[in-house]
Amino acid sequence: MPTIKDIATMTGFSVTTVSRALNDYNDVNAQTKKKIEDAAEKIGYVPNILAQNLVMKKSKTIGILVNELKRESSKDGLMLEMLCGVSDVLADSDYEFVLLSTSTAKQKNKTFKQLCEERQLAGLIIQGLKNDDPYLEEIVDSNVPCVLIDILITNETTKYVTSNQIESIKDAIKYLHRLGHCAIAYMNGSDGAHVSTIRKQGYLEALKEIGLPAHENYIMNGQFDEDIAKKVAMPFLLNHPEVTAVFCASDVMAIGVLSAAKDLSIKVPEKLSVIGFDNIVLSRYSTPPLTTISQSPYNMAAAGTELLTAMIEKKQEKTPFKILNSELIIRESTTFQGSV
């Protein structure tokens, strides 16, 4: 691989001059810079981003930090959408990004500060941290710019992007009620996730507003996993025949509920209506196609990237957060109660 030394030999300039020209220092005259750039292009020189960061004392690397990235995560496609959103915003800039996976255990062995310093990160977009994760407290106290996805924390160096989840979930529950459903269960994700707290709040507020009682035994935890959701839904549906609708905090869990209903010969939507959240690609092709709340991880990540680069470059933003719209998408997994 061609190096700066190769360019220096080719052009006759010193390594220092070549380095300063390639890093766009203004003390290198235009003619010299042009010769060096032409030589670099001719031999196919590719700059080392980390080395440039050290020279310039300014990083251009953004970290995308996600919690417990697993093979099962590919099922919903949300991470790919997020990465595309980041990539498209950065496409015409000189920023690079790296994907980093963490867990509660990893966070106990390496501090957030160490992670940022090792990778020379200018800032991070962070998704999926749990309420009790060590990094969450460290991020709030850090001077590294961060944008949190669906974690509603702000200060001088921390902003967030989310969607209007509570309002859209309330719309979904009220829609079920208008269809005649009065016993509506809720499949939550996990108690440790911020989005679980928010989405459960939407469910409970909707019940209160339409005058339905909130039964604690109508709330399940499916851990945002299809198989776990199915396993939890099977005994629930058997023990609660009065329940005619289930709202799920993710489409993946809703697909698990659909599978449980099928195995129990409970017809959807004739005997059980099911709504999910996310509008993943699979929701259109489930049997029946899933009614769901649509939000765009692509747009959320793109908005987060814009917020983050503005912070890094110390540009003034109007607000410390962005709230995007989500909406109810009605398909065939919901119908009027008692229509058959």
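In the set (1) out of contact with any Cys (no Cβ under 7 Å at 6 or more places or on another chain); (2) assigned to a helix (DSSP H, G or I), the condition left unmet by Glu156 is number (2). Residue by residue through segment 229-268, note down the ones that are buried (at least 24 other Cβ atoms within 10 Å of the Cβ) and part of a loop (DSSP other than H, G, I, E, B). Of everything in segment 229-268, those that are buried (at least 24 other Cβ atoms within 10 Å of the Cβ) and part of a loop (DSSP other than H, G, I, E, B) turn out to be Ala249, Ser250.
Pairs are defined by a Cβ separation below 6 Å, a sequence spacing of at least 6 or placement on different chains, a first member in segment 291-318 that is touching a residue at least 60 places away in the same chain (Cβ under 8 Å), and a second member that is among the aromatic types (Phe, Trp, Tyr) and surrounded by 20 or more Cβ atoms within 10 Å (Cβ to Cβ); the pairs so defined are Ile293/Phe277. Give me the residue from segment 300-319 that is polar (S, T, N, Q) and surrounded by fewer than 24 Cβ atoms within 10 Å (Cβ to Cβ) and, out of that set, farthest from Pro241 (Cα to Cα). Looking at residues that are polar (S, T, N, Q) and surrounded by fewer than 24 Cβ atoms within 10 Å (Cβ to Cβ), I get Gln316. Return a yes/no flag: does segment 69-81 have any residue that is open to solvent by less than 20 Å² (accessible area, probe 1.4 Å) and either modelled with pLDDT of 95 or more or of a type outside the set (S, T, N, Q) (or both). No. Applying the condition of being open to solvent by less than 10 Å² (accessible area, probe 1.4 Å) and not β-branched (Val, Ile, Thr) to segment 275-299 and asking which residue is nearest to the chain's Cα centre (by Cα) yields Phe277. The residue of segment 95-117 that is least open to solvent (accessible area, probe 1.4 Å), among those that are part of a loop (DSSP other than H, G, I, E, B) and free of Cβ contacts under 8 Å to residues at least 60 places away in the same chain, is Ser103.
Yes/no matrix, rows are residues, columns are (1) within 17 Å of the chain's Cα centre (by Cα); (2) surrounded by fewer than 22 Cβ atoms within 10 Å (Cβ to Cβ); (3) not assigned by TED's automatic domain parsing to the domain that holds Ile312:
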| position | (1), (2), (3) |
| --- | --- |
| Arg119 | no, yes, no |
| Ala122 | no, no, no |
| Gln127 | yes, no, no |
| Lys130 | yes, yes, no |
| Tyr135 | yes, no, no |
| Ser142 | no, yes, no |
| Val147 | yes, no, no |
| Glu156 | no, yes, no |
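The values are calculated or read from the model by the stated rules, or taken from the named source; none is laboratory data. No experiment lies behind these values; they were computed from the predicted model shown. Cβ atoms come from the backbone with ideal geometry, glycine included; neighbour counts cover every protein chain shown. We work out accessible area using only protein heavy atoms, side chains counted, and drop any ligands, DNA or RNA first. Shrake-Rupley method; radii C 1.70, N 1.55, O 1.52, S 1.80 Å.
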